[in-house]
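Below is one structure, written out as structure tokens, with a few remarks after it.
The values are calculated or read from the model by the stated rules, or taken from the named source; none is laboratory data. Computed from a prediction, not measured in an experiment: that's the story for all the values here. FYI the Cβ positions are ideal-geometry reconstructions off the backbone, even for glycines, and counts take in every protein chain you see.
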Amino acid sequence: MTSLPSPPDISALQADRPVSLFLDFDGTLVDLAPTPDGIDVPDHLARSLHALADRMEGRLALVSGRAISDLEKHLGPVKLACAGSHGSDCRGADGINIGKVPEGLPPKLLAEVAEFAQETGFALEDKPHGAALHYRSDPSLEDKGLAFAERVAKEGDLDIKRGKCVIELVGRGANKGSALRAFMDCAPFAGTMPVFVGDDITDEDGMRAAHDMGGFGVIVGDREPTCAKYGLATPAAVHHWLGL
């Protein structure tokens, strides 16, 4: 359980300045599962997020390691601002892309990653803008997967993203902080106080960006160290705080 204090009520925060919410998905809005497709998504979640976005006058964005298409596989079509693949792919609530649309991994490189996963026991997640090696079923694979990813990233001019039992290869410069900054340059987020809520190490980029722009981060769970100012114990606590 986190030792940080709970964040203030959203209404109280907005008394002084409009707030924008940036929400991670896995481990923040839904509980983690052994596999990416094993998550249990409440039937009301998409409806509740749209209602919250309406209350926030559109100042809500999902910022996930998942591709946007994968988010919609679990939530259904959403009219929310979204950043997928760790900030590689950003779009507004109107569905229009923000910034350059990124490319996926070259077929040859992706085939190499797939072959490695099959031979070593990793679960491969092929994303539109990258690839992820999951090893929650066998944490002892971590060192082997990281060594492979470091070699491939160097050869392919890619970045590595670490998470809870996952190693991802994505394009250079993609992170949740850059996604938050891209949104904050646009209406309706511009000029507001950003609040980033997440549970994993990749969410720290978003929290630091929020802090740099006058806001703060909220960590979900007990992961340390963190730059978050506040903490919530579980996704259920996040739902309660947000009134979902």
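Out of everything in the range 193-206 that is farther than 25 Å from GLU150 by Cβ and crowded, with 21+ Cβ neighbours inside 10 Å, what residue ends up being farthest from the chain's Cα centre (by Cα)? Full working, then the answer.
The initial filter retains those residues of the range 193-206 that are farther than 25 Å from GLU150 by Cβ, namely 193-197.
Now drop any that are not crowded, with 21+ Cβ neighbours inside 10 Å, which leaves 194-197.
Values: PRO194: 15, VAL195: 13, PHE196: 10, VAL197: 9 Å.
Restricting to residues being farther than 25 Å from GLU150 by Cβ and crowded, with 21+ Cβ neighbours inside 10 Å, the top hit is PRO194.
Take the conditions basic (Lys, Arg), modelled with pLDDT under 95 and not in a helix (DSSP H, G or I) and apply them to LYS154. Does it pass?
No.
Of ASP9, ASP43, which residue is assigned by TED's automatic domain parsing to the domain that holds VAL220 and over 25 Å from CYS90 (Cβ atoms)?
ASP43
Could you give me the residue pairs with C-beta distances under 7 Å whose first residue belongs to the range 31-43 and is over 16 Å from ALA67 (Cα atoms), whose second residue is surrounded by 13 or more Cβ atoms within 10 Å (Cβ to Cβ) and modelled with pLDDT under 90 wherever it lies, and which are 6+ apart or on separate chains?
If the second residue must be surrounded by 13 or more Cβ atoms within 10 Å (Cβ to Cβ) and modelled with pLDDT under 90, the pairs left are LEU32/LYS164; PRO34/ARG136.
Just checking, which of ASP212, ASP222 is in contact with a Ser or Thr (Cβ under 6 Å, 6 or more places away or on another chain), surrounded by fewer than 21 Cβ atoms within 10 Å (Cβ to Cβ) and of a type in the set (Asp, Glu)?
ASP222
Results for (1) within 25 Å of LYS73 (Cβ to Cβ); (2) in contact (Cβ under 8 Å) with a residue 24 or more places away in the chain; (3) among the aromatic types (Phe, Trp, Tyr), shown as yes or no for each residue.
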{"residue": "PRO139", "(1), (2), (3)": "no, yes, no"}
{"residue": "LEU146", "(1), (2), (3)": "no, no, no"}
{"residue": "ARG151", "(1), (2), (3)": "no, no, no"}
{"residue": "GLY156", "(1), (2), (3)": "no, yes, no"}
{"residue": "VAL197", "(1), (2), (3)": "yes, yes, no"}
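SER48 - would you say it is touching a residue at least 40 places away in the same chain (Cβ under 8 Å), in contact with a Leu (Cβ under 9 Å, 6 or more places away or on another chain) and surrounded by fewer than 18 Cβ atoms within 10 Å (Cβ to Cβ)?
Answer is yes for this residue.
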